[in-house]
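No value in this document is a laboratory result; all are computed from the given coordinates. Just so we're clear, the structure is a prediction, and the values are computed from it rather than from any experiment. Because the Cβ atoms are built from the backbone with ideal geometry, glycine has one as well, and the counts that use them run over all protein chains shown.
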Amino acid sequence: MLPLDQSVGWLSIMIALTVFAYRINAIDAYGVIAAVPVGFITLIFGGVTWFLALLSFFLIASYYTRHKFEQKELAGFSEKNRGARSWTNVLANGGLPAFFAIMYHYSGNNNLYLLFFSGSLAFALADTIATEVGLLSRSAPISILSGKPIPRGHSGGVTLRGEMAALVGTLVIGSICGLFFSNDAGQFAIILIACITSGMLSTNLDSVLGETWQCKYKCSVCNKYSEIRIVHCDVITIQHRGFRFVDNNVVNAISSLFGAAICSIFILAFNT
């Protein structure tokens, strides 16, 4: 755990970075309230390298969310709130890594939680990049289960461009975690391979859950689909399939946990 004087200094830096992110619309006001404790918990219990790995994810993910945003907005595929991350986004992607930082500290720096942490970040970055780049794909997405074309932007769809982007994302975050957490070339390679494996498997699990478990709504007038309950054609959309309590953030949290679990399988090789 960091000494008090270092903790105060890093907290000041963290608040300054978060305020800057708010000013450039990378995060909204409630997201700021959630991001500061998530980042500080990761820093205090995991250490500086853990915080820097989490910060790297946020910076890269924010870049891809804003990448060609106007083009996605005109097409109607952009994130709501002009791409600013809300508190639910922060907790869905950062809550689990922060929890693993706590467990790492209280377990006596057990490397199992280090791999849990790396796997959850691998999923979060791969999923974000796959979604944002896939939205710009010229080819229509197909259902991960049926292989049939589905509307662009709907959960459960995959594109070749998105899959390749996800692979690049796992390579990037795997390299970052490898540099921060390994003691030699062997451990670096293990973390890299673990992040690639967990990131790709969990990202595609996310698509499967988005297709099957995530709640989908439909307009009873024009049959237009929506992933949230909205008013369309002057009527409230009705539940069409999935579970009412399962939204995109719940799917992300489940997939993040799965990614962490897959990455942790490499613990025996990492400790040898």
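The range 1-63 and the range 85-126 have Cα centres lying 14 Å from one another. Starting from one equal scatterer on each C-alpha and no solvent at all, send me the Debye-based log10 I(q)/I(0) for the range 197-272 at q = 0.11, 0.13, 0.19 Å⁻¹, two decimals. Taking Cα atoms of the range 197-272 as identical point scatterers yields -0.40, -0.50, -0.77. Across the chain, how large is the tail of the calculated P(r) beyond 25 Å, expressed as a percent of all Cα pairs? Result for the distance tail: 46 percent. Each peptide in 183-192, 29-38 gets a packing score, the mean of other Cβ atoms within 10 Å over its residues, and the list from highest to lowest is 29-38, 183-192.
How large is the dipole of the range 4-271 about the Cα centre if only Lys and Arg carry +1 and Asp and Glu carry -1, each at its Cβ, rounded to the nearest 20 debye? Display every interim value, and only then the final one.
Working: 17 positive and 14 negative charges, 160 e Å.
With only Lys, Arg, Asp and Glu charged at Cβ, the dipole is about 760 debye.
Here is how the number arises for the chain: DSSP H runs of 4 or more residues each give -39500 (n - 2.57), the sum is divided by the residue count, and the result at 222 nm is -22500 deg cm²/dmol.
Place the peptides 235-247, 198-210 in order of packing, highest mean first, counting for every residue the other Cβ atoms within 10 Å and averaging per peptide.
Working: 235-247: 13.7, 198-210: 24.3.
The densest-packed peptide leads the list: 198-210, 235-247.
Quick one: if you take sqrt(5λ) for each eigenvalue of the C-alpha gyration tensor of the range 141-272, what semi-axes come out, biggest first, whole angstrom?
Working: eigenvalues 275, 40, 23 Å².
Values for the range 141-272, descending: 37, 14, 11 Å.
Could you tell me the relative contact order of the chain? Use alpha-carbon pairs under 8 Å, at least six residues apart, and round to a whole percent. Could you put the intermediate results ahead of the total?
Values: 462 pairs, mean separation 50.8, N = 272.
In percent, rounded to a whole number, it is 19.
Among the trypsin sites (Lys or Arg not before Pro) in the range 129-174, those located in a DSSP loop and surrounded by at most 11 other Cβ atoms within 10 Å of their own Cβ are ARG138.
Take peptides 42-54, 8-20 and line them up by average Cβ neighbours within 10 Å, highest first, as a rough protection proxy. Intermediate values should be presented prior to the final figure.
Values: 42-54: 22.0, 8-20: 14.1.
Highest-to-lowest ranking by the protection proxy: 42-54, 8-20.
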